[in-house]
Structure formats: structure tokens, C-alpha cells
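First the structure, in the form of C-alpha cells, and then the observations on it.
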Amino acid sequence: MSAVNDTKLKSVIFLLTVLPSDGDTHLWISIPFCFMYVISIVGNSVILFIVKTDPSLHEPMYIFLSMLAVTDLGILISTMPTILGIYLFNSREISLDACLAQLFFIHLLQCIESSVLLLMALDRFIAIYNPLRYAAILTLLRIAKMGLVVVLRATVIILPLPFLLKRFQYCRANVLSHSYCVHREVMNMACSDITVNIIYRLFTKLFQMGLDSLLIFLSYVMILKTVLSIASHEERLRALNTCISHLCALLLFYIPEISLTVIQSFDKDSLPLLQIVLGHISLLLPPLMNPIVYSVKSKHLRERIIRVFIK
């Protein structure tokens with residue numbers, strides 16, 4: 001009986017879902033995806049190159065931006081094989097092991113990105129609340145320790161997910177709702193009791209995005225309190241202007257993710273097209289827009305980028 005179960009487990013194949021179209025239009029749909037991937041990879045790579053090679057950008061804000069760029073590149077690399085494989089080669093099948101590996105890295109990197117956005121909110125609070133000791137508080141060693149804690153925290157939270165899914169038997173029509181694997185979709189394909197997975201998924205959401213978003217909200221409450229205590233109107237606007245890029249990054253990360261979670265929780269059987277579109281947006285839009293937003297809003301960074309390309 002054990003051998004039979006092992007055989008069934010190893011032969012599990014999931015089918016990924018694509019945007020509604022016939023086979024002839026897949027190639028045309030792949031063009032905007034390829035364009036988004038190229039722009040996102042180039043944009044985040046340029047950010048990393050500029051920050052690394054320019055000593056004047058070795059400041060806490062740009063180091064945190066580099067962390068965000070590395071995380072976005074990881075998400076792009078994790079999703080690229082299945083998304084482009086579907087539209088370029090019509091390859092919809094994915095094995096259980098490959099699916100578990102992909103969902104591990106996707107959830108791990110999303111957890112890291114959420115924590116990095118929290119660190120960036122803390123960075124903005126310290127820069128506004130105590131600008132004279134800003135560099136002394138956020139030293140390179142302290143930032144490195146923060147980054148290590150972020151990675152360890154995400155690994156501890158996400159590592160059990162593939163092992164919890166690996167123990168199941170999958171006997172249903174294994175058609176996923178997205179062009180990539182995520183825990184919720186794979187969990188619902190199991191024909192076993194998934195109560196433990198549901199509880200653990202709720203725990204990860206609350207401890208990851210719930211806690212991070214609460215701390216980010218408290219950080220901005222403190223930022224607003226500090227800004228309102230500034231006497232000069234121009235200084236207030238200048239202080240708030242330094243937070244605009246981070247606020248855009250927060251909206252790009254949280255709004256699609258929360259919208260997708262709400263739709264799947266309360267109306268999961270309807271609007272399948274909207275779920276597919278939101279799924280693509282939640283993973284591909286932040287890596288695409290974050291380098292653009294920060295390059296436009298940061299004059300210092302923008303000048304360095306222009307100087308490199310002019311040379």
C-alpha cells in the first residue's frame with residue numbers, strides 16, 4: 001500500500017491556467033509578458049549596479065532599496081519559467097516537486113519583501129524623527145543584521161509549507177487557477193484533511209503581512225506626528241515628499257495581494273479571469289514599477305542613472 005501511495009504521489013501533475021485565448025494568440029499574449037520581464041530585470045539590475053558602484057549612494061535608504069530590488073529579481077526568476085513557458089511553448093504541466101519548489105520561493109520572497117517594506121518605513125521614520133543621528137543609528141552592520149533577521153524569519157515561516165503539502169494524496173482534477181503555484185491552490189487540490197494547512201496558512205498571513213502592515217501603519221502614524229510638529233510648512237512638505245516613493249511601493253505590493261485574497265476567500269468560484277489578472281499583477285507589477293518610481297522620485301538616484309547612460 002505504501003508503494004502504491006508513493007507512486008501516486010510521484011506521478012502527480014498539475015495544470016496551470018492561462019488567460020482565456022486560443023493557441024494562435026498565446027504568442028501575442030507572451031509579448032507584453034516578455035516586455036515586462038525585460039524591463040523589470042533591467043530596471044532592478046540598474047538600481048543594484050548604481051548603488052553598488054556609487055559610494056555616495058551607500059546610505060541606509062538606498063541599501064534598503066537594493067534589498068527590495070534583489071527580492072523583486074528573485075520573484076521574477078521564480079515565476080518566469082511557468083508564465084513564459086505557458087505562453088511561448090504552451091507548456092501547462094508542472095510536477096508536484098517543481099510546484100512545491102516554486103511556491104516555496106514565491107511565498108518566501110513575498111514574505112521577505114513585506115519585511116523589507118517594513119524596514120523602509122522604519123528608515124523613513126528615523127530619517128524624519130532624528131535626522132542628525134540617522135547614519136549613526138542605521139549603520140551598515142545594523143542593516144546587515146536586520147537583513148539576516150528578515151531572511152531567517154521568512155524561512156522559518158515558509159519552510160513548513162512544502163512539507164505540509166508533500167504528505168497529501170492528490171486525486172482531484174489538478175487544474176490550478178494561476179500560471180504559477182501557490183499554497184492555497186495546491187492545498188485545495190488535495191483529497192485529504194487540510195485543516196492543519198488552513199490553520200497554518202491563516203497563521204502565516206497574520207504573522208507575515210498582518211503584523212508587517214500593522215507596524216508600517218504605526219510607523220506612518222509616528223511620521224505624521226513628527227511632521228505635524230515641524231513649524232515650517234515647507235519643511236513639512238519636504239519631509240513628506242521623502243515618503244512618497246515608499247508609499248507607492250506599499251500600494252503596489254499590498255493592494256493587489258489583499259484584493260486577490262478577498263476575492264478567493266469570499267467569491268472564489270466566480271470571476272476567474274479577474275483572479276488570473278490579479279494574480280499576475282500581484283507578482284509582476286511591483287518589480288516593474290518599483291525601480292521606475294524610485295528613479296523618478298529620487299533626484300540623486302536619477303542623476304546617477306542618467307550619468308551612467310550618457311557615458
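Data for the structure
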{"read-out": "Selection within segment 182-195 - of a type outside the set (Gly, Ala, Ser) and within 26 Å of Ser282 (Cα to Cα)", "value": "Val182, His183, Arg184, Glu185, Val186, Met187, Asn188, Met189, Ile194"}
{"read-out": "All positions within segment 127-149 that are touching a residue at least 60 places away in the same chain (Cβ under 8 Å) and part of a helix (DSSP H, G or I)", "value": "Ala127, Ile128, Tyr129, Tyr134, Ala135, Leu140, Ile143, Gly147"}
{"read-out": "Single match in Ile258, Ile230 (criterion: under 16 Å from the mean Cα position of the chain (by Cα) and surrounded by fewer than 19 Cβ atoms within 10 Å (Cβ to Cβ))", "value": "Ile258"}
{"read-out": "Number of positions in segment 81-118 that are outside any helix (DSSP H, G or I) and either within 23 Å of Pro286 (Cα to Cα) or without any contact (Cβ under 8 Å) to a residue 60 or more places away in the chain (or both)", "value": "1"}
{"read-out": "Scope segment 193-215; condition outside any helix (DSSP H, G or I) and loosely packed, with under 13 Cβ neighbours inside 10 Å; matching residues", "value": "Asp193"}
{"read-out": "Ile63 surrounded by 12 or more Cβ atoms within 10 Å (Cβ to Cβ) and modelled with pLDDT under 90", "value": "no"}
{"read-out": "Segment 81-110, subset within 23 Å of Leu250 (Cα to Cα) and out of contact with any Asp or Glu (no Cβ under 9 Å at 6 or more places or on another chain), residue surrounded by the most Cβ atoms within 10 Å (Cβ to Cβ)", "value": "His107"}
{"read-out": "Of the criteria (1) surrounded by fewer than 20 Cβ atoms within 10 Å (Cβ to Cβ); (2) at pLDDT below 90; (3) within 24 Å of Leu108 (Cα to Cα), which one Leu73 fails", "value": "(2)"}
{"read-out": "Some residue of segment 170-179 being touching a residue at least 60 places away in the same chain (Cβ under 8 Å) and in a helix (DSSP H, G or I)", "value": "no"}
{"read-out": "Pair list, Cβ < 6 Å and 6+ apart or interchain, from segment 7-19 residues that are over 17 Å from Leu165 (Cα atoms) to residues that are of a type in the set (S, T, N, Q) and modelled with pLDDT of 75 or more", "value": "Leu16/Thr82; Leu16/Ser179; Thr17/Ser177"}
{"read-out": "Qualifying positions in segment 270-307 - assigned to a loop (DSSP other than H, G, I, E, B) and either among the basic types (Lys, Arg) or closer than 18 Å to Thr242 by Cβ (or both)", "value": "Ser298"}
{"read-out": "Test: residue in segment 34-48 that is under 17 Å from the mean Cα position of the chain (by Cα), among the polar types (S, T, N, Q), buried (at least 17 other Cβ atoms within 10 Å of the Cβ) and in a helix (DSSP H, G or I)", "value": "yes"}
{"read-out": "Every residue from segment 100-151 that is among the hydroxyl-bearing types (Ser, Thr, Tyr) and within 12 Å of Phe64 (Cβ to Cβ)", "value": "Ser115"}
{"read-out": "Residue check for Ile158: under 18 Å from the mean Cα position of the chain (by Cα) and either surrounded by 20 or more Cβ atoms within 10 Å (Cβ to Cβ) or aromatic (Phe, Trp, Tyr) (or both)", "value": "yes"}
{"read-out": "Odd one out for Ile86, checked against (1) at pLDDT below 90; (2) under 30 Å from Arg302 (Cβ atoms); (3) not charged (D, E, K, R)", "value": "(2)"}
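So that you can scan it fast, the table gives a plain yes or no per residue for (1) in contact (Cβ under 8 Å) with a residue 24 or more places away in the chain; (2) under 17 Å from Val293 (Cβ atoms); (3) in contact with a Ser or Thr (Cβ under 9 Å, 6 or more places away or on another chain); (4) not in a loop (DSSP other than H, G, I, E, B):
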{"site": "Thr226", "(1), (2), (3), (4)": "yes, no, no, yes"}
{"site": "Ala231", "(1), (2), (3), (4)": "no, no, no, no"}
{"site": "Glu235", "(1), (2), (3), (4)": "no, no, no, yes"}
{"site": "Leu240", "(1), (2), (3), (4)": "no, yes, no, yes"}
{"site": "His246", "(1), (2), (3), (4)": "yes, yes, no, yes"}
{"site": "Leu250", "(1), (2), (3), (4)": "yes, yes, yes, yes"}
{"site": "Glu257", "(1), (2), (3), (4)": "yes, no, yes, yes"}
{"site": "Thr261", "(1), (2), (3), (4)": "yes, no, no, yes"}
{"site": "Gln264", "(1), (2), (3), (4)": "yes, no, yes, yes"}
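The values are calculated or read from the model by the stated rules, or taken from the named source; none is laboratory data. Fair warning: this is a prediction, and the values are worked out from it, not measured in the lab. Positions of Cβ are backbone-derived with ideal geometry, glycine not excepted, and every protein chain shown enters the neighbour counts.
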